[in-house]
Amino acid sequence: MKRDDFPIFKTTNRNKPLIYLDSAASAQKPQVVIDAIQQFYSSDYANIHRGIYELSERATAAYEATRLAVQQFIHAKSLDEIIFVSSTTEAINLVAQSFIRPYLKAGDEIIVSAMEHHSNIVPWYLLTEQCGAVLKVIPVLDSGELDHDAYQQLFSSRTKLVAVTHASNVLGTINPIKDMARIAHEKGVPVLVDGAQAIVHMPVDVSDLDCDFYAFSAHKLYGPTGIGVLYAKKQWHDKMLPYQGGGEMIETVSFDRITFADVPKRFEAGTPPIASAIGLHAAIDYVSSIGMEKMAAHEQQLLQVLEASLQAIANLRIIGTHHPKVGVVSFVLDGIHAHDVGSVLDHEGIAVRVGHHCAMPLMTRFDVPAVVRVSLGLYNTEQEIEALTRALHLTRKVFG
Ligand code: PLP
């Protein structure tokens, strides 16, 4: 499916045809995204918002058109609910520092889950050090599903936020965000969703999910690095205090008094990643032209083949068998370190990721130091999964 759209596949890895199974870390870029960025720098580039000349107006219009494309892509109700940030990581830190920290009292609680990426743990942990917040952790069952009964028990009168991933970057598990948000809202608690992995694998509708914040990065959506999105429900805008000071995020400045711009400008201090925004727009147009449902169906088909092939390998243990899951499968080969597996695969031209995947608490939960992670993108094929399976049999032979 659409593999030819991606120029990277004309290159090799260790002199073998590239088999890229690391899209969960970052997706490869289609030519249309590369072209859009090049075209923008060649013909439309200027700094935005403050220029009164035509070129700057053109650049501003292109940048703001991305905001509209994002709004439509994730079905936000209002354009000003879309804040451009550098990444998922920045989006989560922004909520922690602008929305939670100013109101937090020692002993207040944040609920996270045991399957979070470090970027949805550390910003909250920092609040434990900065203001005495307490982290409450939703356990993960052996299957890789969250323990939803335990989740309900974690709320108290001190709960200030639920911060949970939409899809796990290790287990692939898709969490039932709509239900989780409903439960949190019944208790008056807002919900932040880490959408870094989900955004590329399924249609996302923040209005239907009814989450309060949704964070994602363009680079996992076949777009460029350097830009991400924070969806922030309008209801909370007045409570979100400035986070980084600088140009563009103000209304008036004197040495005695500064007044701040409304959201989203309040959180877009300084010159933003303009060209990356143009690339994000091209990426959204690209995936929309294929259709998120069609992409998801292709990945689910490959996922079935992948899981069946892995299950047929001796002494291979998949970590996280729960469905529904996105096209992400992690495993260990008993007796062989994940890094050794990764090295053999690399020599066969196969790019996978090995290690703790920025989810150390999850490694502890499953009692493994590291796992091999295979993650799928729209360009992957069944032939590539066959090649992976052959290489894993070879790994078994090499290491006994
Ligand atoms: N959350 C999850 C679930 C992720 O998989 C990642 C990246 O792998 C992140 C957050 C962080 O994304 P970024 O590095 O783009 O900020």
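No lab work stands behind these numbers, since they all come straight from the coordinates. Values in this document were obtained by computation on a predicted structure and should not be read as measured data. Here the Cβ is made from the backbone with ideal geometry for all residues, glycine too, and neighbour counts use every protein chain on show.
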What's the extension gain from Y103 to H339 if we count 0.36 nm per residue and subtract their Cα-Cα distance?
-> 80.6 nm
Could you order peptides 68-78, 188-198 by the average number of other Cβ atoms within 10 Å of their residues, highest first?
-> 188-198, 68-78
Based on the mean of other beta carbon atoms within 10 Å per residue, what is the order of 390-396, 79-85, most packed first?
-> 79-85, 390-396
If you wrap a convex hull around the C-alpha atoms of region 33-289 and split its volume per residue, what is the figure in Å³?
-> 125 Å³
Cα-only Debye scattering, region 319-368: base-10 log of I(q)/I(0) at q = 0.13 Å⁻¹ = -0.35
At 7 Å along the Cα-to-beta-carbon direction for both M292 and M360, put a label point, then send me their distance in nm to one decimal.
-> 3.4 nm
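Run the numbers for D147 and S42: contour at 0.36 nm per residue of separation, minus the present Cα-Cα distance, in nm. All intermediate terms of the calculation are to be shown ahead of the outcome.
Details: separation 105, 0.36 × 105 = 37.80 nm, distance 5.18 nm.
Taking 0.36 nm per residue and subtracting the Cα distance, the gain is 32.6 nm.
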Packing rank of 139-152, 360-373, 108-121, where each peptide gets the mean count of other beta carbons within 10 Å, highest leading | 108-121, 360-373, 139-152
Quick one: Karplus J couplings for region 6-23, per residue in order, coefficients 6.51, -1.76, 1.60, θ = phi - 60°, nearest Hz, x for Gly and Pro?
-> 10, x, 4, 6, 8, 8, 10, 10, 6, 6, 10, x, 5, 10, 9, 10, 10, 5
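Shape verdict for region 174-244, please, from the Cα gyration tensor: rounded (a/c under 1.5), prolate (a/b greater than b/c) or oblate. Please list the in-between numbers first.
Details: a/c = 2.69, a/b = 1.23, b/c = 2.19.
Oblate, because a/c is 1.5 or more while a/b does not exceed b/c.
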What full-extension length gain, to one decimal in nm, is calculated for H347 and S156 as 0.36 nm per residue of separation minus the Cα-Cα distance?
-> 63.6 nm
Inter-label distance, nm, simple model (7 Å from Cα along the C-beta direction), I52/E186 | 5.8 nm
Honestly region 341-399 on the Cα gyration tensor test (a ≥ b ≥ c root eigenvalues; a/c under 1.5 rounded, otherwise a/b vs b/c for prolate or oblate) is just oblate
So which helices of the chain fit the span-like rule, where a helix is a whole DSSP H run, its Cα atoms reach 15 Å or more along the axis, and its mean Kyte-Doolittle is at least 1.0?
-> 274-290
When the Karplus curve 6.51 cos²θ - 1.76 cosθ + 1.60 is applied with θ = phi - 60°, which whole-Hz ³J(HN,Hα) does each residue of region 248-260 get, with x for Gly and Pro?
-> 6, 9, 10, 9, 9, 10, 9, 6, 9, 7, 10, 10, 10
Over the Cα atoms of region 185-284, what Rg and Dmax result, in angstrom?
-> 15.6, 49
Between region 344-400 and region 1-75, what is the C-alpha centre distance in whole Å?
-> 28 Å
Say each of D238 and V32 gets a label point 7 Å from the Cα, pointing the same way as Cα to Cβ; how far apart are those two points in nm?
-> 4.2 nm
Which whole-Hz ³J(HN,Hα) couplings does region 371-376 yield from phi under the Karplus relation 6.51 cos²θ - 1.76 cosθ + 1.60, θ = phi - 60°, glycine and proline marked x?
-> 10, 8, 10, 10, 10, 9
